[in-house]
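Chemist: Following this message is one structure expressed as structure tokens.
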Amino acid sequence: MKKKVLTVDDSRTIRNMLLVTLNNAGFETIQAEDGIEGLEVLEDCNPDVIVTDINMPRLDGFGFIEGVRKNDRFRAIPILVLTTESDAEKKNRARQAGATGWIVKPFDPTKLIDAIERVTA
Amino acid sequence: MDMNEIKEIFFQECEEQLAELESGLLKMNDGDRDPETVNAVFRAVHSIKGGAGAFGLDDLVAFAHVFETTLDCVRSNKLDPGPEVLKTMLKSADVLADLTAASRDGGTVDPSRTSVLVKELEALANGQVPAPTAEVPTPVAPPAPKPVAAAPKPVAAAPTDESGFQPIPFSFDDFGGEEAEAPAMEIPLCDVVFKPRPELYSKGNEATLLLRDLSRIGEMSIYCDMDALPPLDQMDPEGAYFFWKISIRTEKGEEGVRSVFEFAEWDCDLEVKVHEVATEGEEDEELPMQPVPFDLSALDDIEEDHDHHEDHADHHEEVAAAIEAAKVATSVISMAATTQQAAPAAQAAVAKPAAAAAAGNAESSGSGGANPTIRVDLDRVDRLINLVGELVINQAMLSQSVIANETSGATTINTGLEELQQLTREIQDSVMAIRAQPVKPVFQRMSRIVREVADMVGKSVRLVTEGENTEVDKTVIDKLAEPLTHMIRNAVDHGLEMPEKRAALGKNPEGTVKLSAKHRSGRIVIELSDDGAGINREKVRQKAIDNDLITSETNLSDEEIDNLIFHPGFSTADKITDVSGRGVGMDVVKRSIQALGGRINISSRPGQGSTFTMSLPLTLAVLDGMVVTVAGQTLVVPLTAIVETLQPEASAIHSFGASQRLISIRDSFCPLVDVGRILNFRSMQANPTDGVALLVESESGGQRALMVDAIQGQRQVVIKSLEANYTHVPGIAAATILGDGRVALILDVDAVVAASRGQALGGDGALAAAS
């Protein structure tokens with residue numbers, strides 16, 4: 001069975017890049033545009049891994065991660081933070097919210113797939 | 001979809017983000033302190049930076065990064081977004097837009113502009129708020145080219161150098177180099193102690209996977225310490241009871257080992273000890289076992305067979321058999337087995353069948369969402385519009401043939417036909433609505449023009465926009481930008497007075513330029529007004545005399561003088577400035593508005609400013625026209641040009657000169673123009689009393705009575721370009737297909753009026769004649 005990835009990012013450019021990269025790497029990709037939509041979509045899609053941006057309208061990445069971890073069904077899903085916020089403080093906040101790992105932009109397909117491979121069985 | 005297409009999407013998105021950025025900054029400029037506004041502004045820059053990074057657009061990334069840092073200070077309330085701060089930010093937004101455009105279309109942005117702003121932004125981020133400049137800003141001298149030292153920041157460093165954090169590459173190949181080529185004997189041996197804490201699991205990390213990753217960077221042996229495992233009844237299913245001791249021989253060294261645990265380093269105790277020089281014979285004495293190759297297949301089985309625990313037994317036995325000699329074997333097995341059962345990962349595994357079941361509807365739920373809009377290729381919409389045009393024509397033809405066959409009794413056919421007509425009209429309107437777009441993007445672009453020009457000429461100007469959500473056909477919007485830009489430049493450069501002068505006149509030193517849009521009787525009306533000095537009629541008049549446009553005796557009304565500025569080659573600026581006077585005059589503006597089927601007028605009050613009013617059709621695809629007959633030909637006259645129609649009486653016709661005739665309408669005289677003669681449909685002028693006169697108003701303001709033979713009726717016609725299908729014909733704007741399938745030409749009223757002037761008055765000067 002294909003591994004399923006939920007991506008949450010408000011940028012259309014990044015969403016398309018994620019889609020192309022993940023599909024090429026043989027993942028099934030589900031996409032949401034912000035944290036709120038991410039949580040909605042999550043209920044139905046049961047992903048193997050989540051890749052999320054931090055800066056988003058409505059509900060940002062921190063809030064989204066907390067929302068995922070609060071849900072008993074999803075609290076063990078690996079969550080990778082995909083963001084340009086590379087400074088230690090923000091990384092730490094993402095970790096405290098429950099992020100599993102992170103991928104520092106600029107977006108690079110190899111890095112993304114590597115990181116996903118690392119956190120998924 | 002390939003990278004180029006995504007890049008295309010990126011630039012589209014940039015446009016949107018830039019618009020968002022600018023409107024957000026303008027809101028902040030008006031005192032909006034809503035955190036969401038600041039956030040949206042931040043996100044816009046952030047998003048551009050993110051995408052630009054992915055495409056290696058380094059200049060863009062570098063500038064966006066500095067901009068973003070400063071915005072972050074505003075976002076975190078470290079920097080108060082006062083007027084001076086916002087001025088810098090608005091200018092930065094302009095530079096960002098230019099950098100984006102340069103990345104898309106090639107070309108460069110003046111590095112001095114960028115570096116000046118980078119410095120200003122950095123100063124702001126460092127808490128240096130500039131002292132407000134005097135109320136009256138001084139003209140900004142063009143920034144002197146900076147020495148090399150002031151060039152934009154080195155790009156490569158920007159994205160990663162903040163807060164000293166260096167992203168650790170995931171690709172282990174990066175660690176290659178000398179070490180990799182060293183003989184195997186010198187591969188360092190590391191002792192690793194890895195003690196996960198419960199948090200490690202609660203964040204979705206997994207000890208098994210970390211060990212798997214570790215095994216990939218070198219040959220390792222592993223020992224699992226299970227001493228802490230409590231009896232079953234005391235066990236917290238989410239506790240972390242095991243720890244591992246690993247001995248690994250890896251080229252990557254300590255750094256490589258640590259990078260494996262990068263995601264987990266906060267949530268585990270990790271000790272890495274490197275044996276300085278490891279030789280083949282030197283075994284680690286602290287570990288109570290022989291290094292055994294760590295068999296990954298055990299883990300692979302777990303990966304593949306989450307749902308079949310039974311199968312594991314066999315595999316485990318094989319693994320155990322293979323490494324029976326080493327006691328470690330049991331550890332491997334128990335590690336694999338216990339982590340699977342005890343760690344929260346098991347829950348994820350249980351959830352899998354549900355995932356499979358949900359897979360079917362995943363697609364729909366993924367693509368669904370709050371966004372009620374879709375993006376469609378413009379070509380597709382245009383194709384649809386074209387087809388609907390054909391449909392309209394076809395429906396008209398059908399109606400005509402039904403009428404021709406006189407099926408007066410067959411009411412069902414007529415009713416059906418009427419319904420078809422109505423539906424066709426509705427489809428047409430709906431399709432046109434697809435192309436309709438708010439004028440907002442163009443208006444937003446204007447605020448930048450105002451800023452730039454104001455800066456250049458040292459004026460303080462405020463742009464007020466109204467009705468930005470008024471919709472009009474996309475083609476109209478696209479073609480509106482250029483004339484508007486020119487007019488805005490003029491308004492700021494020529495229209496508004498210098499701040500000192502305004503102050504002396506008791507006006508607000510800050511001038512106001514107002515841009516508004518509204519719908520009025522099926523057209524869009526765009527008004528551009530300034531509160532400047534208004535048209536200097538004496539100067540305009542003198543200039544017109546100097547340029548031989550009028551004679552000194554010509555008697556012109558104020559309105560006519562104002563309209564002189566639309567005459568080709570007319571420029572009132574005393575000297576040619578950087579801003580205006582690039583050889584493009586108001587006549588060009590006028591022509592581009594006319595090319596859109598629009599009209600432009602000016603009204604001006606001395607000392608109070610000028611207002612340009614443009615009236616444009618909502619669409620360029622259809623036209624409401626009056627179908628007329630001239631010399632046996634069917635012509636369509638745009639309804640918007642027609643003021644009234646009248647039946648000339650012999651007593652109202654007056655001869656003037658050799659071949660000219662005037663018609664008196666309510667005590668004023670208006671030249672009578674025979675359309676058939678102008679278009680060379682006939683060689684002799686027709687008898688005015690036999691035809692109908694259409695009183696039209698041309699864009700140049702003058703009225704003419706156009707003589708046609710008969711009026712057939714009013715109709716909405718689909719415009720077909722003559723240029724695209726045939727060639728340009730003077731006096732004809734376009735063509736259409738009528739219900740009987742015949743092509744009818746659409747009259748270019750202005751061209752006809754202009755031609756009538758030349759014909760009527762020879763070299764006497766068109767404007768003088770118009771008076």
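Chemist: How do the pairs read when you match residues in the range B:194-208 that are within 12 Å of another protein chain (Cβ to nearest Cβ) with residues anywhere that are part of a helix (DSSP H, G or I) and among the charged types (D, E, K, R), using Cβ under 6 Å and keeping only pairs 6 or more apart or on different chains?
Modeler: Sorted first by the residue in the range B:194-208, then by its partner, the pairs are B:Glu199/B:Asp267; B:Leu200/B:Asp267.
Chemist: Conditions: (1) buried (at least 24 other Cβ atoms within 10 Å of the Cβ); (2) modelled with pLDDT of 85 or more; (3) under 26 Å from B:Asn4 (Cβ atoms). A:Thr84 meets all but one. Number of the miss?
Modeler: Only one criterion in (1) buried (at least 24 other Cβ atoms within 10 Å of the Cβ); (2) modelled with pLDDT of 85 or more; (3) under 26 Å from B:Asn4 (Cβ atoms) is unmet by A:Thr84, namely (2).
Chemist: Same structure, new question: Could you say which residue among B:Thr475, B:Thr485 is of a type outside the set (A, V, I, L, M), surrounded by fewer than 17 Cβ atoms within 10 Å (Cβ to Cβ) and not in a strand (DSSP E or B)?
Modeler: B:Thr475
Chemist: Also, quick follow-up: Counting only residues that are of a type outside the set (D, E, K, R) and in contact with a Gly (Cβ under 8 Å, 6 or more places away or on another chain), how many does the range B:500-519 have?
Modeler: Count: 5.
Chemist: Considering A:Thr13, A:Thr52, which residue is closer than 29 Å to B:Glu8 by Cα, facing another protein chain (nearest Cβ under 8 Å), surrounded by 20 or more Cβ atoms within 10 Å (Cβ to Cβ) and in contact with an Asp or Glu (Cβ under 8 Å, 6 or more places away or on another chain)?
Modeler: A:Thr13
Chemist: If you don't mind, another one. If the requirement is being on the phi < 0 side of the Ramachandran plot, assigned by TED's automatic domain parsing to the domain that holds B:Ile526, out of contact with any Asp or Glu (no Cβ under 9 Å at 6 or more places or on another chain) and not in a strand (DSSP E or B), which of these qualifies: B:Val450, B:Val388, B:Val431, B:Val392?
Modeler: So the residue among B:Val450, B:Val388, B:Val431, B:Val392 that is on the phi < 0 side of the Ramachandran plot, assigned by TED's automatic domain parsing to the domain that holds B:Ile526, out of contact with any Asp or Glu (no Cβ under 9 Å at 6 or more places or on another chain) and not in a strand (DSSP E or B) is B:Val450.
Residue by residue, here is whether (1) in contact (Cβ under 8 Å) with a residue 60 or more places away in the chain; (2) farther than 21 Å from A:Asp10 by Cα holds:
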residue: A:Ile50; (1), (2): no, no
residue: A:Asn55; (1), (2): no, no
residue: A:Asp60; (1), (2): no, no
residue: A:Ile103; (1), (2): no, no
residue: A:Pro109; (1), (2): yes, no
residue: A:Thr120; (1), (2): yes, yes
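Chemist: Please go through the range B:437-473 and pick out each residue that is among the charged types (D, E, K, R) and more than 24 Å from B:Gly24 (Cβ to Cβ).
Modeler: Of everything in the range B:437-473, those that are among the charged types (D, E, K, R) and more than 24 Å from B:Gly24 (Cβ to Cβ) turn out to be B:Lys459, B:Asp473.
Chemist: What about B:Ile602, is it modelled with pLDDT of 80 or more, under 21 Å from B:Val753 (Cα atoms) and assigned to a helix (DSSP H, G or I)?
Modeler: no
Chemist: Regarding B:Val492, is this residue in contact with a Lys or Arg (Cβ under 7 Å, 6 or more places away or on another chain), outside any strand (DSSP E or B) and not basic (Lys, Arg)?
Modeler: When the stated conditions are applied, B:Val492 passes them.
Chemist: Moving on. Filter the range B:662-698 down to the residues that are at pLDDT below 85 and either of a type in the set (Val, Ile, Thr) or surrounded by 20 or more Cβ atoms within 10 Å (Cβ to Cβ) (or both) and list them by number.
Modeler: B:Ile665, B:Pro688, B:Thr689, B:Ser698
Chemist: Show the residue pairs that are 6+ apart or on different chains and have beta-carbon atoms under 7 Å apart, the first residue being within the range B:638-665 and within 22 Å of B:Ile746 (Cα to Cα), the second being among the acidic types (Asp, Glu) and surrounded by 11 or more Cβ atoms within 10 Å (Cβ to Cβ).
Modeler: Within 7 Å, the pairs are B:Leu639/B:Asp624; B:Ala641/B:Glu697; B:Val643/B:Glu697.
Chemist: Let me ask another. Tell me which residues, restricted to the range B:626-661, are outside any helix (DSSP H, G or I), over 25 Å from B:Arg599 (Cα atoms) and hydrophobic (A, V, I, L, M, F, W, C).
Modeler: Residues satisfying the conditions are B:Val630, B:Ala631, B:Ile653, B:Phe656, B:Ala658.
Chemist: Now for a separate question. Within the range B:677-685, can one find any residue that is touching a residue at least 24 places away in the same chain (Cβ under 8 Å), under 25 Å from B:Gly741 (Cα atoms) and polar (S, T, N, Q)?
Modeler: no
Chemist: Restricting to the range A:70-105, what's the tally of residues that are within 20 Å of A:Asn55 (Cα to Cα), within 15 Å of the chain's Cα centre (by Cα) and at the interface with chain B (Cβ under 7 Å from one of its Cβ atoms)?
Modeler: Result for the range A:70-105: 10.
Chemist: Among the residues that make up the range B:449-460, is at least one of them closer than 28 Å to B:Leu639 by Cβ and surrounded by fewer than 20 Cβ atoms within 10 Å (Cβ to Cβ)?
Modeler: No - not one qualifying residue is present in the range B:449-460.
Chemist: Now for a separate question. Is it the case that some residue within the range B:613-622 is under 25 Å from B:Val439 (Cα atoms), assigned to a strand (DSSP E or B) and of a type in the set (S, T, N, Q)?
Modeler: Looking through the range B:613-622, at least one residue is under 25 Å from B:Val439 (Cα atoms), assigned to a strand (DSSP E or B) and of a type in the set (S, T, N, Q).
Chemist: Given (1) assigned to a helix (DSSP H, G or I); (2) facing chain A (nearest Cβ under 8 Å); (3) not β-branched (Val, Ile, Thr), where does B:Gly56 come up short, assuming only one miss?
Modeler: Among (1) assigned to a helix (DSSP H, G or I); (2) facing chain A (nearest Cβ under 8 Å); (3) not β-branched (Val, Ile, Thr), the lone unmet condition for B:Gly56 is (1).
Chemist: Separate question: Picking from B:Val85, B:Val109, which residue would you name as being touching a residue at least 40 places away in the same chain (Cβ under 8 Å) and either crowded, with 23+ Cβ neighbours inside 10 Å or part of a loop (DSSP other than H, G, I, E, B) (or both)?
Modeler: B:Val109
Chemist: Restricting the range A:22-32 to residues that are more than 9 Å from every other protein chain (Cβ to nearest Cβ) and buried (at least 22 other Cβ atoms within 10 Å of the Cβ), which is farthest from the chain's Cα centre (by Cα)?
Modeler: Per the stated criteria, the residue is A:Phe27.
Chemist: Name the residues in the range A:33-44 that are of a type in the set (A, V, I, L, M) and facing chain B (nearest Cβ under 9 Å), would you?
Modeler: Answer for the range A:33-44, where residues must be of a type in the set (A, V, I, L, M) and facing chain B (nearest Cβ under 9 Å): A:Ile36, A:Val41.
Chemist: Follow-up question, since we're still on this one. Can you tell me which of (1) within 17 Å of the chain's Cα centre (by Cα); (2) modelled with pLDDT of 85 or more; (3) of a type outside the set (Lys, Arg) is the one B:Phe63 doesn't meet?
Modeler: (1)
Chemist: Further question on the same structure: Looking only at the range B:578-587, filter to residues that are surrounded by fewer than 16 Cβ atoms within 10 Å (Cβ to Cβ) and out of contact with any His (no Cβ under 7 Å at 6 or more places or on another chain); which one of those is modelled with the highest pLDDT?
Modeler: For the range B:578-587, the residue satisfying everything is B:Asp578.
Chemist: For the range B:495-536: of the residues being without any contact (Cβ under 8 Å) to a residue 40 or more places away in the chain and assigned to a helix (DSSP H, G or I), which is surrounded by the fewest Cβ atoms within 10 Å (Cβ to Cβ)?
Modeler: Taking the candidates together, the pick is B:Ala504.
Chemist: Could you tell me whether any residue of the range B:94-106 is at pLDDT below 85, of a type outside the set (A, V, I, L, M), assigned to a loop (DSSP other than H, G, I, E, B) and not assigned by TED's automatic domain parsing to the domain that holds B:Arg462?
Modeler: Yes: one or more hits.
The values are calculated or read from the model by the stated rules, or taken from the named source; none is laboratory data. Here the structure is a predicted model, which is why all the values come from computation and not from measurement. Here the Cβ is made from the backbone with ideal geometry for all residues, glycine too, and neighbour counts use every protein chain on show.
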